[in-house]
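Working notes, beginning with the structure itself.
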Amino acid sequence: MTHALFQPIQLGSLSLKNRIVMPPMTRSRATQPGNVANDMMATYYAQRASAGLIVAEGSQISEMGQGYAWTPGIYSQEHIAGWRKVTDAVHEKDGVIFAQLWHVGRVTHPDNIGGHQPISSSALKAENVKVFIDNGSDAPGFVDVVEPREMSKDDIKHVIAEYRQAALNALEAGFDGIELHAANGYLVNQFIDFEANNRTDEYGGSIENRLRFLKDVVEAMADAIGAERVGVRLAPFTSLNGTVDSTPVETYVAAAALLNTLNVVYIHIAEVDWDDAPETPAVFKHAMRKVYDGVLIYAGRYNGEKGEQAIQSGEADMIGFGRPFVANPDLPERMKNGYPLALHDPSTLFGGAEKGLLDYPAYHAG
């Protein structure tokens, strides 16, 4: 039995029933054509509504923001109606759900974005990165990304406006708030991390300049829907999708201090989670607590015991459990009672239908 994970917590004006987060996980099952959230996705999230907070899978804010085939959008009325099915189903189960707003920047291929060249902070190709495409003719599969074009000032203004509108769309679709995806090598991350950004204007160079796009996007969304409904996901130490920073502690503590001044409701840290990955430095976690006053969520290689320790030590307020939620729709109940956890089938994570999405049962004590 773990106790700290089951304490209630306030998230802005929302009262959450526990400190267990279902983090965003791409499942690539949106209805085609159109990339629309559907009844199957509504059932999937409703099954997992016992989490204190669900952050839905990343939703692209525009056609240009899509990195992979079959991921859901949040930029049309059809998208809003599809997501409304999901939020209604979760709310019927007394759950709380945020949308994750996603623009992949350079981590895509023209086949996923209407034949256009991808955009990024700079004209730098992500090395050794592949994305999943479905161009309607060849068999769907993984292909190398291409070199993006550097965003102009007009491009930057345009994308900020798309984020703002997507935040409004999320609330119209019934979400309780939004999470800005500023992690894992996608567009916002491509501005933040030094080795993905060689701009010489006010959006490149110093840490302050590289955080400016993050600041502008968060300000636009907070202005539209209120900062108490805006969270931000960061990945300080991952090199996912070819994005690396040379001074991650300094850069991301500065990012947290900035987000504190913007009053975002939470920061969600994606820790490196491969098998022999290094631990997140303690100096970073201590510094985060000093500079940021809101709710801190960490997600990575956590089990109940490790999550409990992180909350009791004060370094975290909530803990995200990703892969365990795939195969354990009743994960909080299992953790509370010490029931064994089921393992997910990796072959059914992306694409397909109900198999591997809806057919994992709740635990029944024999």
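Brief remarks on what is shown
- Estimated FRET transfer efficiency (S206, A81; beta-carbon r; R0 45 Å; 0.05): 0.55
- Of all DSSP beta bridges in the chain, antiparallel share, percent nearest 5: 20 percent
- Its residue count N fixes a reference of 2.2 N^0.38 Å for the stretch 83-126, and the Cα radius of gyration divided by that reference is 1.79.
- Over the stretch 232-304, the hull volume per residue, using the convex hull of the C-alpha atoms, is 99 Å³.
- When the surface is traced with a 1.4 Å probe over the full set of protein chains, E279 keeps roughly 110 Å² accessible.
- Listed values for the stretch 56-71 are Karplus-derived 3J(HN,Hα) couplings in whole Hz (6.51 cos²θ - 1.76 cosθ + 1.60, θ = phi - 60°), namely 5, 4, x, 10, 5, 8, 6, 4, 5, x, 8, x, 9, 5, 6, 8, and x replaces Gly and Pro.
- Extension gain, E305 to K130, is 59.5 nm, computed as 0.36 nm per intervening residue step minus the present C-alpha separation.
- Computed 3J(HN,Hα) for the stretch 103-120, one whole-Hz value per residue from the Karplus formula 6.51 cos²θ - 1.76 cosθ + 1.60 where θ = phi - 60°, is 10, 7, x, 7, 8, 7, 9, x, 5, 8, 10, x, x, 7, 7, x, 10, 7, glycine and proline marked x.
- Förster-model FRET efficiency, 41 Å R0, D39 and T261, C-beta, rounded to 0.05: 0.50
- Gyration tensor (alpha-carbon) shape descriptor, the stretch 97-199, a/c threshold 1.5: oblate
- Pairwise Cα distances in the stretch 188-240 exceed 17 Å for 41 percent of all pairs.
- FRET efficiency for V143 and S239, using Cβ-Cβ distance with R0 set to 30 Å, rounded to 0.05: 0.90
- Spin-label model, V283 to E172: label points 7 Å out along the Cα-to-beta-carbon direction sit 4.8 nm apart.
- The stretch 147-301, dipole about Cα centre (Lys/Arg Cβ +1, Asp/Glu Cβ -1), debye to the nearest 20: 320 debye
- When you work out D = kT/(6 pi eta Rh) for the stretch 185-320 at 10 °C and 1.306 mPa s, using the Kirkwood radius from C-alpha pairs as Rh and the Stokes-Einstein form, the result is 104 µm²/s.
- Quarter the surface of the alpha carbon convex hull of the stretch 265-347 and you get the mean projected area, 6.3 square nanometres.
- Amide hydrogen neighbours beyond the local backbone of D134, cut-off 5 Å, H modeled: A69
- Exposure of S313 as accessible area (Å², to 10), given a probe of 1.4 Å and all protein chains: 80 Å²
- 25 Å Cα cut-off, lysine pairs counted over the chain (separation 8 or more, or different chains): 19
- For the chain, the alpha carbon positions stretch 61, 51, 40 Å along the principal axes, listed from largest to smallest.
- Antiparallel content of DSSP bridges confined to the stretch 215-366, in %, to 5: 0 percent
- Whole-number D in µm²/s for the stretch 8-99 (Stokes-Einstein; Kirkwood sum over Cα pairs; 4 °C, 1.567 mPa s): 97 µm²/s
- One decimal place: the segment V291-A353 gains 18.0 nm when fully extended, by the rule 0.36 nm per residue minus the C-alpha distance.
- Whole-angstrom Cα spans of the stretch 1-156 along principal axes, big to small: 48, 32, 30
The values are calculated or read from the model by the stated rules, or taken from the named source; none is laboratory data. Treat the numbers as computed from the prediction; the structure is a model and nothing was measured. Cβ: placed from backbone, ideal geometry, glycine included. Neighbour counts: every protein chain shown. Just so you know, the surface numbers come from the protein's heavy atoms only, side chains and all, with ligands and any DNA or RNA stripped out. Shrake-Rupley method; radii C 1.70, N 1.55, O 1.52, S 1.80 Å.
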